[in-house]
Every structure is written in structure tokens, then in C-alpha cells.
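The values are calculated or read from the model by the stated rules, or taken from the named source; none is laboratory data. Source: prediction; values computed, not measured. Counting neighbours? That spans all protein chains shown, and the Cβs are built from the backbone with ideal geometry, glycine included. The protein model used for the area step is the full one, side chains on, heavy atoms only, and it has no ligands, DNA or RNA in it. Shrake-Rupley method; radii C 1.70, N 1.55, O 1.52, S 1.80 Å.
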Amino acid sequence: SIATILIFLLCRECGFGPAASLLAAALMMLNPRTGFYVQSIWPEILHLTLLLAGFWAFALALRKEHDGRIGRMVGWLLLCGVLLGYARLTRGVVGPFVWVMAAMAAWFVFRSNSSRTQNTRAGWSLLAAVVLLMSFHATLLPQQIANQKDHGTPLIGHNTWRNIEGGIGRTADYPAQYMNAAPDPMTREQLAKERILTRVLDRPFSETLAQQTSVFFWR
């Protein structure tokens, strides 16, 4: 329900009318996949809520009335970075968004017509980007330190190649094959990477493309 409210607020912040914003929220609520995540108690729902909250804070930071009000904008960007950091702790797909959003924030400040930033716009632009990036990475830092201590790597989430294997050239028992390949997560990931590259390189690219297009269409 929180995610639904955030969808509505984000749409309103982006300029959509009440009817269109309600429609967007309803479509998200009625999405069968969303219902599956709720019933299965998967972390995707928490991730979705945190991600939408981060996007909403970002939209508030870039409001036109904040043009020139650097302190208020930086405050929203700080909150945005923290929310996106927690979203990253639930799912590993947030990273690229943060860099794009940091560039957008910098551009927003740089093109500002405010007299407060006119003479130092490059510095304020850099500050906006740095605040977002630093708040994001500072949120991740405690977990990265713990992972370095416990597993010898600061990486968060060791299942990138497991997920790729689930979508490309999977075998009937690929989950068991993945888990039984090695006792530690980093070695399992490396072995899964080797298996996937071997399967992909051993068959024509057109065959892989056709398979993935079919999977995308039916899912």
C-alpha cells in the first residue's frame, strides 16, 4: 500500500493529473507479479517501496521552486541517496540509476538561472552529484565492511551469474548445480560465469538471441 501511494505521489510530482496518477497506482497494484511478490513475501516489495521513495525524494529535490535553493535541494538529495542505498541492500539493480540521477541533479543545478548559483554553478553542480553519491555509498559502507571481514570481499549480493544462468541456457537442475558447485559464494559465481560463457560461445548468436526473445515475450 505504501508503494501504491508513492506511485501516486511520484506521478503527481511529474505533472500527471489525479486520474492518470490513480490509474498508474491501480495498474501497479493489480499487476499479477506484484501480487505474487506479496504472497511469497519476496524482498521485491520492500525494494520497490524503497526505490519509489528514493525516486520521489529525487523528484522533490529537482522541483522548479527549489531552483537556487541549494540547501533544500541538497537535503532531499541526501534522503534520496540513503533510500536508494537501502534499496540496493534489498536488490542489486540500483547502482546504475544512482549515477544517472547524480548527473541529472548536477545538470539541474548547472542550468539554473538563479542568481545564487550563477557565478559558482560548476561547484554547486558538483556538490549536488557528490551528495547523492556519497549518501548512497555511505549507506552501503557498513555492510561492505562486514562482507569484507566475513567473506573477503566488499561486494553485496553474490548471485549475479546465478540469475544470468537462470535466464540463459539454464538446465533442469541449475539451482542445485549452482549451489553444489562450491562451498563459498564467490567461487560459485565464478563457476556459473564460466558455464554461461561456455554455453553462449558454443552456439550461434542467432540461436541465443531467438531464445532470449522468446523468453522475454512469454514472460
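Quick one: accessible area per residue over the chain, 1.4 Å probe, rounded to a whole number of Å²?
61 Å²
Simple spin-label estimate for Ile2 and Met134 gives 2.7 nm between the two label positions (7 Å along the Cα-to-Cβ direction from each Cα).
Assuming R0 = 22 Å, can you tell me the calculated FRET efficiency for the pair Ile156 and Ile41, based on Cβ-Cβ distance, to the nearest 0.05?
FRET efficiency, Ile156 to Ile41: 0.60.
With a Förster radius of 30 Å applied to the beta-carbon distance between Ala103 and Gln144, the computed FRET efficiency rounds to 0.80. Ignoring ligands, DNA and RNA, please state the percent of accessible area on the chain from carbon and sulfur, probe 1.4 Å. Roughly 67 percent of what the probe reaches on the chain is carbon or sulfur. Rounded to the nearest 20 debye, the dipole magnitude of the chain is 540 debye, with +1 charges on Lys and Arg beta carbons, -1 on Asp and Glu beta carbons, and the Cα centre as origin. Using r as the Cβ-Cβ distance of Tyr174 and Phe205, and R0 as 25 Å, what FRET efficiency do you calculate, to the nearest 0.05? Efficiency for this residue pair is about 0.70. Given that just one value was derived from the coordinates, which of (1) 54, 46, 27; (2) 58, 55, 28; (3) 62, 44, 35 is Cα extents along the principal axes in Å? Label (3) holds the value from this structure.
When each of the peptides 52-60, 30-38 is scored by the mean number of other C-beta atoms lying within 10 Å of its residues, the order from highest to lowest reads 52-60, 30-38. Dividing the summed helix terms, -39500 (n - 2.57) for each DSSP H run of n ≥ 4, by the number of residues in the chain produces a 222 nm estimate of -24500 deg cm²/dmol to the nearest 500.
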